[in-house]
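The structure under discussion appears below in the form of structure tokens.
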Amino acid sequence: MLSLDQCADQYVLALSPREAIVGLSTRANDADSRLRDLAKGLPQRRSSLESTLAARPELIVRYWGGDPRFIAQVEKRGVRVVTIEDASDFGGVRANVRRVAAALDRRAQGEAVIAEMDARLDRSAGAWRGATALYITPGGFTGGEGTLVYQILKSAGLTPTPPGPGFQPVSLEQMAMTPPRALVLGFFGDLMSNNHWSLGRHQVMRRVATRRTVASLPGSMLGCPDPAAAEAVEILASKAPR
């Protein structure tokens with residue numbers, strides 16, 4: 001099998017026997033690829049029709065990689081394609097794992113991955129006892145109801161603020177006037193070095209972050225709808241006051 005993007009890489013590396021992998025994405029060993037150590041020594045391929053067909057995969061796994069025309073072309077040539085769906089909660093992650101595991105005929109491995117994820121969630125449940133926290137990215141956005149990061153905070157026992165659906169901008173003025181009791185940073189280690197004009201570099205943001213940050217979560221645990229999200233929950237829970 002072959003994966004077309006970095007999120008698909010995580011599923012293929014976690015569920016597939018190594019010898020069955022004919023290609024990973026060109027981002028498989030990037031710093032924000034959680035299973036990059038498993039990608040070492042495996043071929044990386046661009047998501048072009050020529051490169052894909054040359055690898056002769058029986059199955060392609062994708063999240064965002066490959067446009068509809070590309071997918072139609074490979075399916076026309078008899079290649080099966082399984083698509084990872086977006087997930088706004090851990091039920092969606094479980095469904096994704098089972099979907100890919102079934103396509104790979106690796107159901108037992110899929111259930112083992114889910115069991116490990118659920119064990120992390122069980123150990124972390126309620127750790128913060130309802131304390132409020134603001135999640136924020138270097139670009140100044142937070143994740144509200146209907147996002148997986150919202151569920152990450154909730155699963156660790158935090159109450160995400162401010163209320164509201166989806167991804168929404170955070171007011172720097174409001175942060176200065178009424179700093180959050182706790183701040184959870186996301187992607188700061190991954191994006192800050194190349195983003196010189198982001199809200200994350202503003203002096204107000206840096207002052208609040210220095211005083212109120214309880215955890216900084218890496219992009220490898222936040223960028224894909226996969227079981228890595230439970231590792232982020234576990235990190236948050238470990239920072240809760242005893």
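At-a-glance table
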{"quantity": "Mean ellipticity per residue at 222 nm, deg cm²/dmol - from DSSP H runs of n ≥ 4 across the chain, formula -39500 (n - 2.57)", "calculated": "-12000 deg cm²/dmol"}
{"quantity": "Relative contact order (%) - criterion: Cα under 8 Å, at least six apart; region: region 83-242", "calculated": "28"}
{"quantity": "Nearest-ten-degree value, helix 203-212 long axis tilted from longest Cα axis of the chain", "calculated": "90"}
{"quantity": "Descending Cα extents along the principal axes, the chain, whole Å", "calculated": "59, 39, 31"}
{"quantity": "Directionally averaged projected area (convex hull, Cα atoms, region 107-161), nm²", "calculated": "4.7"}
{"quantity": "Kirkwood hydrodynamic radius of region 129-242, Cα pairs, Å", "calculated": "14.0"}
{"quantity": "From the C-alpha gyration tensor of region 1-48, square roots of 5λ in Å", "calculated": "13, 12, 9"}
{"quantity": "Nearest-ten-degree value, helix 228-238 long axis tilted from longest Cα axis of the chain", "calculated": "30"}
{"quantity": "Farthest toward positive dipole pole in the chain [+1 Lys/Arg, -1 Asp/Glu at C-beta], among 176, 133, 216", "calculated": "176"}
{"quantity": "Rg to Rh, two decimals, where region 58-97 supplies the alpha carbon set and Rh follows Kirkwood", "calculated": "1.06"}
{"quantity": "Descending principal axes extents, region 2-87, alpha-carbon based, whole Å", "calculated": "34, 29, 19"}
{"quantity": "Dipole moment magnitude, nearest 20 debye, the chain about Cα centre, only Lys, Arg, Asp, Glu C-beta charged", "calculated": "420"}
{"quantity": "Heavy-atom accessible area per residue - the chain, 1.4 Å, Å²", "calculated": "50"}
{"quantity": "With every protein chain in place, region 72-216: carbon and sulfur % of accessible area (1.4 Å)", "calculated": "50"}
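The values are calculated or read from the model by the stated rules, or taken from the named source; none is laboratory data. None of the values given here were measured: they were computed from a predicted structure. A quick note on method: Cβ atoms are made from the backbone with ideal geometry, for glycine too, and the neighbour counts reach across all protein chains shown. These area figures cover heavy atoms from the full protein model, side chains too; ligands, DNA and RNA do not enter into them. Shrake-Rupley method; radii C 1.70, N 1.55, O 1.52, S 1.80 Å.
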